[in-house]
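So the structure is just underneath, and the comments pick up after that.
The values are calculated or read from the model by the stated rules, or taken from the named source; none is laboratory data. Just so it is clear, the model here is predicted, and its values are computed rather than measured. Glycine also receives a Cβ, built like all others from the backbone with ideal geometry; neighbour counts cover every protein chain displayed.
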Amino acid sequence: MIEPESLLTAVPWLAMGGFGALAIWLRAQPRGAGKPRIRIMPWDRALYLRQGRPGQLRSYRVQAEAERRAEVLLREVIGESCFAGLVRRGYLEVSSPTFPSRVYLVPERQGPVTVCENGRPVMRLCVQTVERVPDYDAVIMHKLMIDGNEREYLRIANRV
């Protein structure tokens, strides 16, 4: 049961977003051991995003559009034949501009980069972005960093 004094805190919620916001407020009320329970239902997503809450959810449409744009950009950067090889093998081979016998195997999905010398893996490197980016943008990031300044790439990468 909701106490009458806690109902007064619901008035600003009603002013901000109507009954949808009230539903979110009601779900956030303490239950049982006094812990707040926040549960975002699918029909509350748009309201939650509109209010700009911290850690806001990204809609599927926004993520899908970002993935599509990243794929188009990657195709432009590496070319169609290399892109087909990336999809077929699951990794992109990036030749080292500094060490002639070294090849970096950048995975299609975000993860550690395998460094091979003379065809044998010698180490795995991890470089991550601060915010989530589409997988193909991460592939572009690795390729451009290796091609542009390999020594700096090796300096910031963590060995795994």
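When residues in region 78-122 are screened for being assigned to a loop (DSSP other than H, G, I, E, B) and of a type in the set (Phe, Trp, Tyr), 1 of them pass.
Across region 68-98, the number of residues qualifying as in contact with a helix residue (DSSP H, G or I) (Cβ under 8 Å, 6 or more places away or on another chain) and either polar (S, T, N, Q) or within 15 Å of residue 145 (Cα to Cα) (or both) comes to 9.
Residues in region 85-103 that are aromatic (Phe, Trp, Tyr) and over 22 Å from the mean Cα position of the chain (by Cα): how many?
Residues that pass the stated criteria total 1.
From the list 70, 66, 84, which residue is surrounded by 13 or more Cβ atoms within 10 Å (Cβ to Cβ), out of contact with any Cys (no Cβ under 8 Å at 6 or more places or on another chain) and farther than 26 Å from residue 154 by Cα? Of the residues listed, the single one that is surrounded by 13 or more Cβ atoms within 10 Å (Cβ to Cβ), out of contact with any Cys (no Cβ under 8 Å at 6 or more places or on another chain) and farther than 26 Å from residue 154 by Cα is 66.
The condition of being out of contact with any Lys or Arg (no Cβ under 7 Å at 6 or more places or on another chain), closer than 15 Å to residue 142 by Cα, at pLDDT 90 or above and assigned by TED's automatic domain parsing to the domain that holds residue 131 holds for only one of 81, 101, 95, that being 95. The set of residues in region 108-137 that are in contact (Cβ under 8 Å) with a residue 24 or more places away in the chain and touching a strand residue (DSSP E or B) at 6+ places or on another chain (Cβ under 8 Å) comprises 108, 112, 113, 123, 124, 125, 126, 127.
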